Amino acid sequence: MDTELLKKGPVMSRETFSRFGGLWIDRMDCDAELARRTVAGTFPEEVSRLIQSFMRDGFVVIKSAVSKDLTVAIKSELEQHWRSSPPGAMIEHWTPQGEQIFVPPALQYRDGPTKLLDFHAFSETARQAIAAPKVVAFLSAIFDAKPKAFQSLTFWRGSQQAIHKDTAYVQVDGAPMKLAASWLALEDIHAGTGELEYYVGSHRAPDFLFAGEHKWLEAAPHEHDRFLASHHEDAAKYGFKRSSFLASEGDVLIWHADLAHGGSVITESNTRQSLVTHFTPEKENPPYALKGPINRMEVGGCQFISVARQ
């Protein structure tokens, strides 16, 4: 547990929907602020419409945000990455015994409950796709800053992960709500393949407080099951509709830090190849970036950082 980070804690706010603050789109007056910025011409009209949808639903879909040339190239690079990984490449894998392990990529793990970590650190092609112009334009607008990509996860099959909120696991130092994520379909997604699912509007539900005061799970790991159950209870209480994303190759879904989402149950044998990336405004950092050497890159107006692995 990062006790120093927990001691430091986030700045509390009651001007935002979450007591932990957030972006300008999370302020109680966000609708008026969007109207003001739209009238002032701060954003193109298309971006303003996307922001309005994002504030209401907790996500937006940008159709054909990434060209098929890029998605095909990424899949080719991923195949090589799995068969002959470069030094420092890692996956997160869960064994049949329920043990979480971190090992280099190998084909024996690809079909299992596995996440390929930080592919963006090894692939210029992946960075270009993550920094697709429409994605960067949207993130820059809600961040009021250049986006910083600091964690990516690549999936071969659906994760079947329980519905959850990223703010319990993905840390931004002192600012848990200054976070967004993108989900890029690397192929057409079919029902039954573990497609992404979510509760529409759930980003506005009350904060779940670990140990009665924290946003991050590490403050009280024993409360994890209660945390997961709370999303379904909130959906029933506030009327959040459960929905899913059957994407076409190249589509990107961007979700809010507190959108309740997960991977649906797999009933078909098809793959569900996808690339997930987590972002924060350029001046913010995940805790690891403050503690050790990191790699820094920039593509298309988006910063990229990753752990400097040997």
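The values are calculated or read from the model by the stated rules, or taken from the named source; none is laboratory data. These numbers come from a predicted model, not from an experiment. All Cβ positions, even for glycine, are placed from backbone atoms using ideal geometry, and neighbour counts span all protein chains on display.
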- request: Name every residue in the range 1-29 that is assigned to a loop (DSSP other than H, G, I, E, B), buried (at least 19 other Cβ atoms within 10 Å of the Cβ) and at pLDDT 50 or above, in order of residue number.
  value: Phe17, Ser18, Phe20, Gly21, Gly22, Leu23
message: Take Ser53 and tell me if it is modelled with pLDDT of 95 or more, small (Gly, Ala, Ser) and in a loop (DSSP other than H, G, I, E, B).
response: no
message: Among the listed residues Glu218, Glu233, Glu223, identify the single one that is closer than 21 Å to Glu92 by Cβ, part of a helix (DSSP H, G or I) and either touching a residue at least 40 places away in the same chain (Cβ under 8 Å) or not hydroxyl-bearing (Ser, Thr, Tyr) (or both).
response: Glu218
- line: Only unsatisfied item for Ala211, checking (1) within 16 Å of the chain's Cα centre (by Cα); (2) surrounded by fewer than 18 Cβ atoms within 10 Å (Cβ to Cβ); (3) among the hydrophobic types (A, V, I, L, M, F, W, C), is (1)
query: Can Trp183 be described as at pLDDT 95 or above, farther than 25 Å from Arg272 by Cβ and of a type outside the set (D, E, K, R)?
result: no
- prompt: When residues of the range 69-88 are filtered for being part of a loop (DSSP other than H, G, I, E, B) and either crowded, with 19+ Cβ neighbours inside 10 Å or in contact (Cβ under 8 Å) with a residue 40 or more places away in the chain (or both), how many remain?
  reply: 2
query: Where residues in the range 214-241 are among the small types (Gly, Ala, Ser) and either surrounded by 15 or more Cβ atoms within 10 Å (Cβ to Cβ) or touching a strand residue (DSSP E or B) at 6+ places or on another chain (Cβ under 6 Å) (or both), which of them is nearest to Ala149 (Cα to Cα)?
result: Ala219
message: List the residue pairs whose Cβ atoms are under 7 Å apart, where the first residue sits in the range 182-196 and is under 15 Å from Lys68 (Cα atoms), the second is hydroxyl-bearing (Ser, Thr, Tyr) and part of a loop (DSSP other than H, G, I, E, B), and the two are 6 or more positions apart or on different chains.
response: Ala185/Ser248; Glu187/Thr271; Asp188/Ser248
Answer residue from the range 277-295, given it is modelled with pLDDT under 95 and part of a strand (DSSP E or B) and is surrounded by the fewest Cβ atoms within 10 Å (Cβ to Cβ) among those: Asn295
- request: Give the residues of the range 43-68 that are closer than 21 Å to Met177 by Cα, among the charged types (D, E, K, R) and either touching a Leu at 6+ places or on another chain (Cβ under 8 Å) or exposed (fewer than 13 other Cβ atoms within 10 Å of the Cβ) (or both), sorted by residue number.
  value: none
statement: Residues in the range 133-182 that are touching a strand residue (DSSP E or B) at 6+ places or on another chain (Cβ under 8 Å), small (Gly, Ala, Ser) and either surrounded by fewer than 21 Cβ atoms within 10 Å (Cβ to Cβ) or in a loop (DSSP other than H, G, I, E, B) (or both) total 6
message: Residues to consider are Ser244, Ser274, Ser264; find the one that is at pLDDT 95 or above, farther than 25 Å from Ala131 by Cβ, buried (at least 17 other Cβ atoms within 10 Å of the Cβ) and hydroxyl-bearing (Ser, Thr, Tyr).
response: Ser264
Single condition Glu99 does not satisfy, out of (1) of a type outside the set (S, T, N, Q); (2) over 15 Å from Ala121 (Cβ atoms); (3) more than 22 Å from the chain's Cα centre (by Cα); (4) surrounded by 13 or more Cβ atoms within 10 Å (Cβ to Cβ): (4)
